[in-house]
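Reviewing the structure listed below.
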Amino acid sequence: RIEGTQRDNLEESLNCYHRALQVFALDRFAEDRARTQIRMSESYRYRIVGEKRDNVEVAIAYLHRALRVFTLETSPYDYAEANLSLGSAYWERIVGDQRDNCEQAIACFRETLRVFTVDAYPTRHSVAQNNLGLIYRQRVAGEKRENLEQALVCFQASLQGITPQSHPHSYAISL
């Protein structure tokens, strides 16, 4: 939305999502509810109102709920999207041990790549690989040199399947 402040727009989006969840409360709308929870988690991650730590925890909770509905077998695309968002949320997480949060994020991004292959979803593959590269670059666990080498591998993989002409934004952020 162009009008209004980012703060007001995020709060309005959350109000709309909460109302949608009331409609999607029935079991027959489980997938719609789960998709709403994924979108809602994004609004919570970017939310300005409240404490960042609390907002990220709410986002993580909504993503775990969505993943009860979306599985690799039943809804691979939605499953991968939820894991991509969950990886980002763990990466941003303030609560808990930084090392554990980082490892959780890596696991989520790796899970995402089971669906977002370079052939099937080149742009989403690029995003997941780029995120992995960034997180390996700051990883606490393991040897620093090995983590940096793995980051480089991920950054290089993020450029597979995309070109500056086909996906200029994704290509630029992967450089």
With criteria (1) at pLDDT 85 or above; (2) part of a helix (DSSP H, G or I); (3) more than 17 Å from Gln104 (Cα to Cα), Val49 comes up short on (2)
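Quick one: would you say Thr74 is touching a Phe, Trp or Tyr at 6+ places or on another chain (Cβ under 7 Å) and either in contact (Cβ under 8 Å) with a residue 24 or more places away in the chain or more than 17 Å from Arg45 (Cα to Cα) (or both)? Let's see the steps before the verdict.
Working: touching a Phe, Trp or Tyr at 6+ places or on another chain (Cβ under 7 Å): no; either in contact (Cβ under 8 Å) with a residue 24 or more places away in the chain or more than 17 Å from Arg45 (Cα to Cα) (or both): yes.
Answer is no for this residue.
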Breaking point among (1) in a helix (DSSP H, G or I); (2) in contact with a His (Cβ under 8 Å, 6 or more places away or on another chain), for Ala82 | (2)
Only one of (1) touching a residue at least 12 places away in the same chain (Cβ under 8 Å); (2) open to solvent by less than 20 Å² (accessible area, probe 1.4 Å); (3) more than 15 Å from Thr112 (Cβ to Cβ) fails for Lys52. Which number is that?
-> (2)
Matching residues in the stretch 135-146 (crowded, with 18+ Cβ neighbours inside 10 Å and not aromatic (Phe, Trp, Tyr)) number 2
Mind checking which pairs have a first residue in the stretch 140-151 that is within 20 Å of Asn130 (Cβ to Cβ) and without any contact (Cβ under 8 Å) to a residue 24 or more places away in the chain and a second that is in a loop (DSSP other than H, G, I, E, B) and open to solvent by less than 60 Å² (accessible area, probe 1.4 Å), Cβ under 6 Å, 6 or more apart or different chains?
-> Asn147/Arg139
May I ask you to list the residues in the stretch 25-37 that are at pLDDT below 75 and either under 24 Å from Ile48 (Cα atoms) or surrounded by 18 or more Cβ atoms within 10 Å (Cβ to Cβ) (or both)?
-> none
Could you list, in sequence order, all residues of the stretch 143-175 that are more than 18 Å from Gly87 (Cα to Cα), at pLDDT 95 or above and not aliphatic (A, V, I, L, M)?
-> Glu143, Lys144, Arg145, Glu146, Glu149
Can you tell me which residue among Glu73, Glu103 is in a loop (DSSP other than H, G, I, E, B), more than 25 Å from Tyr17 (Cα to Cα) and not hydroxyl-bearing (Ser, Thr, Tyr)?
-> Glu73
Identify the single condition in (1) modelled with pLDDT of 95 or more; (2) within 22 Å of Asn147 (Cα to Cα) that Val127 does not satisfy, given that it satisfies every other one.
-> (1)
Between a first residue in the stretch 100-113 that is without any contact (Cβ under 8 Å) to a residue 12 or more places away in the chain and a second residue that is open to solvent by 10 Å² or more (accessible area, probe 1.4 Å) and of a type in the set (Ser, Thr, Tyr), which pairs have beta carbons less than 7 Å apart while being 6 or more apart in sequence or on different chains?
-> Asn101/Tyr90
Determine, yes or no, whether Val118 is within 15 Å of the chain's Cα centre (by Cα), surrounded by 15 or more Cβ atoms within 10 Å (Cβ to Cβ) and touching a residue at least 40 places away in the same chain (Cβ under 8 Å).
-> no
Mind listing whichever residues of the stretch 68-90 are surrounded by fewer than 21 Cβ atoms within 10 Å (Cβ to Cβ) and under 26 Å from Arg53 (Cα atoms)?
-> Arg68, Val69, Asp78
Residue count, the stretch 152-169 (criterion: in contact (Cβ under 8 Å) with a residue 24 or more places away in the chain, assigned to a helix (DSSP H, G or I) and of a type in the set (A, V, I, L, M)) = 1
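The values are calculated or read from the model by the stated rules, or taken from the named source; none is laboratory data. What you see is a predicted model, and the numbers here were worked out from it, not measured in a lab. With ideal geometry, Cβ positions are generated from the backbone for all residues, glycine too; neighbour counts draw on all protein chains shown. Note: accessible area is taken over every heavy atom of the protein model, side chains too, but ligands, DNA and RNA are not part of it. Shrake-Rupley method; radii C 1.70, N 1.55, O 1.52, S 1.80 Å.
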